[in-house]
Amino acid sequence: MAEVVQNFSGKMVSPTTEDGSVDRKGNPAIKTRTGRWKSAVLLLVNYGLVTLAFFGVGVNLVVFLRRVLQQENAEAANNISKWTGTVYIFSLIGAFVSDSYWGRYKTCAIFQMIYVMGLMLLSISSWFLLVKPSGCGDGELQCNPPSTVGTVLFYLSIYMVAFGNGGYQPSIATFGSDQFDEMDPSEHRSKIAFFSYFYFALNAGSLFSNTILVYYEDAGMWVMGFWTSTGSAALAFLLFLLGTPNYRHFKPSGNPLTRIAQVFVAAFRKWEVEAPKNGTMLYEVEGNVSSIAGSRKILHSDEIRFLDKAATLSGEDYCMLDNMKNPWKLCTVTQVEEVKCILKMLPIWLCTIIYSVVFTQMASLFVEQGTVMNTKIASFHVPPASMSVFDIISVLSFIGVYHRFLIPLLSKFSKNPKGLSELQRMGVGLIVGMIAMVVAGIVELERLKQVSVGKETSSLSILWQIPQYALIGASEVFMYVGQLEFFNGQAPDGVKSFGSSLCMASISLGNYVSIMLVNIVTSVTSDEKRPGWIPGDLNSGHLDRFYFLLAALSCVDFLVYLVCSLWYKGIKFESNQEEEKILVKV
């Protein structure tokens, strides 16, 4: 622990951080000169601008596919799910290189460059090859059939955007939280609050995209919208680089896959060895620092006891010096617990996938549902994709309500200063998401009742979609903020970015599961005589039944989640003994 001293002028010398973070030169980070809210706010603004750029493309992409690339409803919805899923699956790649080799700063910088280049290519390809004639794709003026070259460049560009944004996201979340020393009580509280502000920045950034940009894009100004996104991403990258001198960093811990493999190999090699019941009898290096670079020691846990064999000392192990021990035969307790932590988090993570299926409907079926509703308010046309602004408003409002009112109220009953634990918050998010699907199904039933013969759209106002969007937004505050806190807090130091990427990977798999469900439902419910639940003409289908199916799946998922959360036991780091601070009097 850093000592607080006085220099010859009597001024207190700023202490360094106690969590192992360093400055850009590799020296222990000085608290008053690095990190904290000065750096965190810059990263939040950076993230907000990156999000503005991302949703400037993504929120109306399903409409672009239908109007400009001339795809059918089901094909467009599945392509959106594939693309969104790919965005978040790439987060695992970003997390891996961040934790293992590059560190979080370098990872953020490189993937942001790829992101900006992808947006530039999208803008250029749309300008010169796709949006022809100019202003087409507004729902009235038909676009020319897309050329092969234009289509190839379009898909190349949006998947570059997916790769860049996906690799950037888990690293920026963890890099932002790195700016606070969790060993300092004051900064620890700021670190917990950071994740709520992080999700706030995400939604604040997307607010402009979901209101202004989506309106112009819906009116056929696709090229202007894409260039605006490109400019926002470029500005975000410049702001990120401006903060370089003041960031705090953690050194990468090496390839975690190797460490995980070593634990399993060592455990299987000692298949017949009985692991001691007392965790103190297992092997661990001496001192306060673990054998994993940049990681704190983790205390032994009683779950998944088979892996304890990897840290059990056998006869030949006693004959070797600590620096000569073969990690493929003998691992430390911290290394074993790192694997245990990952395995224990996986059931919780799997239970979040169905929620992500619910969440992804906002970018596909909610929009398609809105296109066949009455989009006129007086003389003003409401772009269906812009209805997601009510999700954003709900998130921004509910974050404030949760912190201002619910935390003080709930903490009185739960005795938890955070109001609800991360697992409890995620459980509430599952329930609210399920209710959102029930509401969406009821709205669809009412929409179908108000479809006149020969009309393509229902007379039911699109404003009836507000409750389902608002409920999804409220559920996000519980589910996704809870996920960010949970996976970042429970992940061992050597795989922090991986912990953050689990939240993004959940959204990714949710999109792929959504594709699978849509395909299964379409094949089961449609034939030559039946149009199915989700046909090209939603007025002849039963989208309501698909929403109710998702509500039923969410209910089952919640019951499984309840069992997994009751079983889960959290990570425990070896507590550092508080050192006495010495004042040197001159």
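The values are calculated or read from the model by the stated rules, or taken from the named source; none is laboratory data. All values derive from a computational prediction rather than experimental measurement. With ideal geometry, Cβ positions are generated from the backbone for all residues, glycine too; neighbour counts draw on all protein chains shown. Only protein heavy atoms, including side chains, enter the accessible area calculation; ligands, DNA and RNA are left aside. Shrake-Rupley method; radii C 1.70, N 1.55, O 1.52, S 1.80 Å.
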When only DSSP loop residues count, what chymotrypsin sites (Phe, Trp or Tyr not before Pro) in segment 267-318 have their Cβ near at most 16 other Cβ atoms within 10 Å? TRP271
Per-residue HN-Hα couplings for segment 333-346, Karplus 6.51 cos²θ - 1.76 cosθ + 1.60 at θ = phi - 60°, whole Hz, x for Gly and Pro? 4, 4, 5, 5, 5, 4, 5, 4, 4, 5, 5, 6, 6, 4
Using the structure shown, list the pairs from LYS340/LYS496; LYS415/LYS496; LYS270/LYS325 with a Cα-Cα distance above 20 Å, or answer none. LYS415/LYS496
Can you tell me the orientation of helix 389-401 relative to the chain, as the angle in degrees between its alpha-carbon axis and the longest Cα principal axis, to the nearest 10? 40 degrees
Residue-normalised accessible area of the chain, expressed per residue, 1.4 Å probe, Å²: 43 Å²
Do any of LYS82/LYS132; LYS38/LYS191; LYS277/LYS309; LYS25/LYS297; LYS106/LYS572 go past 18 Å between their Cα atoms, and which? LYS82/LYS132; LYS25/LYS297; LYS106/LYS572
Restricting to Cα pairs below 8 Å that are 6+ residues apart, what does the relative contact order work out to for the chain? Please round to a whole percent. 21 percent
Mean residue ellipticity at 222 nm from the helices of the chain, using -39,500 (n - 2.57) per DSSP H segment of n ≥ 4 over the full residue count, to the nearest 500 deg cm²/dmol? -19500 deg cm²/dmol
Relative to the longest principal axis of the C-alpha atoms of the chain, give the angle of the C-alpha long axis of helix 466-490, reported between 0 and 90° and rounded to the nearest 10°. 20 degrees
For the chain, the longest stretch holding no GluC sites (Glu not before Pro) located in a DSSP loop with at most 15 other Cβ atoms within 10 Å is which? 304-455
Keeping all protein chains in the complex and leaving out DNA, RNA and ligands, what accessible area do you get for ILE342 with a 1.4 Å probe, in Å² to the nearest 10? 20 Å²
Output ³J(HN,Hα) for segment 410-424: one whole-Hz value per residue in order, computed from phi by the Karplus curve 6.51 cos²θ - 1.76 cosθ + 1.60 with θ = phi - 60°, and x for Gly and Pro. 5, 5, 5, 8, 8, 6, 10, x, 8, x, 10, 6, 4, 5, 5
What is the sum of charges, Lys and Arg at +1 and Asp and Glu at -1, for the other residues whose Cβ falls under 11 Å from the Cβ of TYR199? -2
Lys and Arg at +1, Asp and Glu at -1: neighbours of GLN424 with Cβ under 12 Å from its Cβ sum to 0
Straight-line reach from LYS569: which aspartates and glutamates have a Cα under 13 Å away, not including same-chain ones fewer than 8 places off? ASP302, GLU303, GLU337, GLU422
Share of accessible surface on carbon and sulfur in the chain, whole %, 1.4 Å probe and ligands ignored, is 65 percent
12 Å beta-carbon shell around SER461, net charge (K/R +1, D/E -1): +1
What does the accessible area of HIS188 come to, in Å² to the nearest 10, when a probe of 1.4 Å is used? 70 Å²
Counting only DSSP beta bridges with both residues in the chain, what percent are antiparallel, rounded to the nearest 5? 90 percent
Treating cross-link reach as a plain straight distance, find the aspartates and glutamates whose alpha-carbon is under 17 Å from the alpha-carbon of LYS529, omitting any fewer than eight places away in the same chain. ASP537
Evaluate the relative contact order of segment 24-159 (contact order divided by residue number), counting alpha-carbon pairs under 8 angstrom at least 6 apart; express in whole percent. 26 percent
